[in-house]
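What follows is a short report on a single structure.
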Amino acid sequence: MAVPIEAVVFDLDGTCLSTEQLIVDVARRILQRKGSSLTKEALEQSIGKPPLDAWQSTIDALGLEQSAEDLYVESEAELTEHWHDASYMPGALRLIHHLTQRGQTASLKIGLATSTPRAVLAKKIQNKPLLQRVFQAVVCGDDDDIRGRGKPHPACFLKVCSLLSVEPSRTLVFEDAPSGLVAALEAGCHCVYVPSIANDSAEEALSEAMRQRVTRIPTLLAFDPVAFGLEAFRDTVEGTIPFVEHPESVIRIRGTVVKGFGRGSSELGIPTANVDTMAVARVLPGATTGIFYGWASLPDTYPGKVYATALSIGWNPFFKSGDDDVGSAAGKKTCEPWLLHDFGGEDFYGAEINVLVLGFIRPESGEFSSLEALIDRIKEDGEVTKRVLAGEAMMAFREDEFLRGQ
């Protein structure tokens, strides 16, 4: 950046807090009470839409007789009781801790600009002491001078910059939504854009001048503070980002192997499982992708056994062969653990699998020059996983009750 950063401003929902998963859980419970269930198709048709529209899409997908208005009222009442259960977005806790405790200059200021009403904000951060104390200025959607001028209007970011006594041109905003991106840029800020909707193309509608103030990343785990003149992270191990320093960041995925150890074996010679996507949707935002590592178990098939695991979450990578693209970069999202153990080709279709995700290796790479390059990269991820998990702090997680199916 041409000018030094004096302030960092965060959006809340989808940027700091993973409220998407909470909303999905509430929707699932309400549908169960109605004698229905939230299918993958209904979820895909409703994610990213305003609440009423999302409920209408769900009704259409499932053929329900209830009205969107009735389901909306019911879900809002339940969400009010559970907002405090929302977890941190991947990388958010680490980044906020870094900006406040890891050698930043005393002049760096931190603010919050959210569409959330103040009363609801208090519920969302009720059990998150860091978020209660870290922001030096907070602007909410129901503030008198903001009401009716929500994002994409720049009012909220202009106000938070004024409260922090910094120029927008020296302010870095973290946003996940197209409306927030536009609001930040219209205010004159720089924006790190972490889309919460897969395949989002919001930048295409921006002017060239605006696009120059946008840095797009797939997850906060991929943010490089040095690029903005801020202190470098100092917590990496073997070039990876371990989650154990902030245990709240550890991800627990419990699901079913839906394709067995087949796809990776046939195409790549690397036996990967494929976890049902609904299980992943319960614990990770829909747009979150990357290569991770941790421990995995198959408690019903191999009781008491725990395996080192490299984990790919994202869109199937592809490689180029002449003029042809092999594979699909824009196809089906998958969650594929590679258990680093020789199972002799055994198929685990239908088996329960538990994956304790303890760190982040790298962002997902959508394209490789050849099949060999893709295989080499995956094998390198496996070797890194083995080395990192050999550390004492990582080994301790082998005894986690979650891996025993509890």
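Give the separation of the Cα centroids, the range 204-230 to the range 162-189, in Å.
Result: 12 Å between the Cα centres.
So what is the orientation-averaged projected area of the range 206-249, using the convex hull of its C-alpha atoms, in nm²?
For the range 206-249, the mean projected area of the Cα convex hull comes to 4.4 nm².
Tell me, Val355, Val214 in order of fewest to most beta-carbon neighbours within 10 Å?
Neighbour counts put them in this order, fewest first: Val214, Val355.
Given the alpha-carbon gyration tensor of the range 31-138, what are the semi-axes of its equivalent ellipsoid in whole angstrom, ordered largest first, with each equal to the square root of 5 times an eigenvalue?
Square roots of five times the eigenvalues give 36, 15, 12 Å.
So how long is each side of the chain along the principal axes, counting just the alpha-carbon atoms, biggest first, in Å?
Cα spread of the chain along its principal axes, largest to smallest: 65, 54, 48 Å.
Using the C-alpha gyration tensor of the range 133-271, what are the square roots of 5 times its eigenvalues, in whole angstrom, with the largest one first?
Semi-axis lengths for the range 133-271 are 35, 20, 17 Å.
Taking the Cβ of each residue in Tyr88, Tyr302, Tyr293 as the centre, tally the other Cβ atoms inside 10 Å and list the residues starting with the fewest.
Sorted ascending by nearby Cβ count, the order is Tyr302, Tyr88, Tyr293.
What order, most packed first, do the peptides 32-41, 138-147, 379-388, 281-290 have when packing is the mean number of other Cβ atoms within 10 Å of each residue?
Result, highest mean first: 281-290, 379-388, 138-147, 32-41.
What length, rounded to one decimal in nm, is gained on full extension from Ala209 through to Asp142, with 0.36 nm per residue of separation minus their alpha-carbon distance?
That works out to 21.0 nm of additional length.
Assuming R0 = 35 Å, what is the FRET efficiency of Glu69 and Arg133, from their Cβ-Cβ distance, to the nearest 0.05?
FRET efficiency, Glu69 to Arg133: 0.35.
Of Thr19, Leu52, Ser36, which is farthest on the positive side of the dipole of the range 18-85, counting Cα position, with +1 on Lys and Arg Cβ, -1 on Asp and Glu Cβ, and the Cα centre as origin?
So the residue furthest toward the plus end is Ser36.
Over the range 18-85, consider all pairs of different Cα atoms and compute the Kirkwood hydrodynamic radius from their mean reciprocal separation; express it in Å, one decimal.
About 11.8 Å, per the Kirkwood formula over Cα pairs.
Place +1 on the Cβ of every Lys and Arg and -1 on the Cβ of every Asp and Glu in the chain, take the dipole about the Cα centre, and give the residue among Asn274, Ile5, Leu356 whose Cα lies farthest towards its positive end.
Ile5
Take the cross-link list Lys109/Lys386; Lys128/Lys305; Lys40/Lys124; Lys49/Lys159; Lys333/Lys386; Lys109/Lys379 and give me the ones stretching past 32 Å between alpha-carbons.
Result: Lys109/Lys386; Lys128/Lys305; Lys109/Lys379 exceed 32 Å.
Values quoted throughout were computed directly from the atomic coordinates according to the rules given, and no laboratory measurement underlies them. Please read all numbers here as calculations on a predicted model, not as lab measurements. Cβ: placed from backbone, ideal geometry, glycine included. Neighbour counts: every protein chain shown.
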